[in-house]
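Here, each number is a calculation from the coordinates, and none is a lab measurement. Only a predicted model underlies this, so the values are computations on that prediction, with no experimental measurement involved. Virtual Cβ from ideal backbone geometry, glycine too; neighbours counted across all protein chains shown.
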Amino acid sequence: MRRIGRSARAEMSCIEGKPVNYCKHRSGKYHGWCITNGSCDNTCLDEDRNNVSGDCGDDFPPRCYCYTFC
């Protein structure tokens, strides 16, 4: 887990089954429901240089998830 602020924590999970393993975590800068993958991807790339992409998750309400290499 990565520490954000004083007490909030973000969870990371590995996504396997692809040629490269990715770690997935919720974006810290994208606020509200994630409507388009493109805006989420742009936010993730601007948020941290270690992020390689981003997309809207399958949960409800949809949230923006960023991906890094594990």
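Spin-label model, Thr36 to Arg49: label points 7 Å out along the Cα-to-beta-carbon direction sit 2.8 nm apart. If you average the sequence gap of Cα pairs under 8 Å that are 6 or more apart and divide by the length of region 26-70, what percent do you get for the contact order? Dividing the mean separation by the residue count of region 26-70 yields 41 percent.
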